[in-house]
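These notes concern the structure reproduced below.
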Amino acid sequence: MLLRVARVVCAATGIIFVAVILGWWLTTQPFPIDTWNYVQAGLRLSRGEPLYAHVNLGPGYAPVAIFSPPLIGVMFRPIVTMLGVEGAINTWVVLMAICELVAIGWLVLRTPVVAGLAVTVLSLTIALTIIVGNIDAFVLLMLLIVWRFRDRQLAAGGLLGVLTSLKLTPAALVWWALVTGRSRTAVAALAVCAALAVVTVMGSEPDIFGQFVSVSATNYSGAQGPASLAALGRFLALDPTLAAWLPRLGLVAGLFSVFILRHHPRAAWAAAVFTMVAGSPVAAWHSPALLLAALAPLISGTPPLTVGPDAALAIAQSRDAES
């Protein structure tokens, strides 16, 4: 009985925190800046302008209007054409909110104590993800689905390929698939990435991926996203040169930890998710919300809020066996 009460309290606390912060934020009429950037990327392509238009964002950052892989601009090109700027923004923000809330609800239902506590801690970043309409909301939900259907390797790999083409950082989970023996998942992901690369080039510019590589390399040379390890290093008064190296070290250390944990797929998955954030030099304040995907291995089985002690024990034993 006490355990059930604890589950309900933890789950409710996380949801209430997000609801209160989101509700307060919405009263300030915030601007969905990330969605605006996606829309503008689509508009630039429609007008025949460079996707990575020159914009000065400060020292260390690539001087371009958007850091995302070029597929995001190609995808928004027809969206803006069909819905218009305002319609595209409103539709996208609503869809991202739905994705984020569905992902949170799924996690809280399956593992109320752990997910409830995690949602509480990350409530600010979750609310911000919804406010700005960042594609991280879609990535989070899709990663939960990838884990849930991980044994359907072609489907899981195809979805990972889509996510990697839109966000890049999910490439850490392609590495997870490869080192944990899910070679078909990795191959499917790479095949989808290749196919989408062709679509991207056809919908943008012939050298678009050369531009994207240049943008990413520049950011890794000195960008300090507010939630990046580089920013943390500067906060701790590390030498700026050393601080700028931290995201690169985080990426290498994260990928190596996934390899070390390859015989423990659940732990390796969590390490790969942490690498997605720790290895990014442009991690923003909303980026830590993606860490919720590390809890994906806890969503298998019957929702704990609906089972008794015996069933819960059976689920736990099943999870141990899968590990």
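Among Leu143, Leu124, Leu107, the largest mean-square fluctuation in a Gaussian network model of the chain (Cα springs under 10 Å) belongs to Leu124. Each label point was placed 7 Å from the Cα along the Cα-to-Cβ direction; for Leu117 and Arg184 their separation is 3.7 nm. The Arg248 and Trp285 beta-carbon pair, evaluated with R₀ = 22 Å, returns a calculated FRET efficiency of approximately 0.55.
With the simple model of a label 7 Å out from the Cα in the direction of the Cβ, Val55 to Ala6 spans 4.7 nm. When you filter the chymotrypsin sites (Phe, Trp or Tyr not before Pro) in region 108-170 for DSSP loop state and at most 15 other Cβ atoms inside 10 Å of their Cβ, you are left with Phe149. Relative to its residue count, the chain spans a Cα convex hull of 138 Å³ per residue.
Inter-label distance, Ala197 to Phe259: 2.2 nm, where each label sits 7 Å from its Cα along the C-beta direction.
Here, each number is a calculation from the coordinates, and none is a lab measurement. Note that the coordinates shown come from a computational prediction; the quantities given were computed from them, not determined experimentally. Here Cβ is always computed from backbone atoms with ideal geometry, including for glycine, and neighbour counts include all displayed protein chains.
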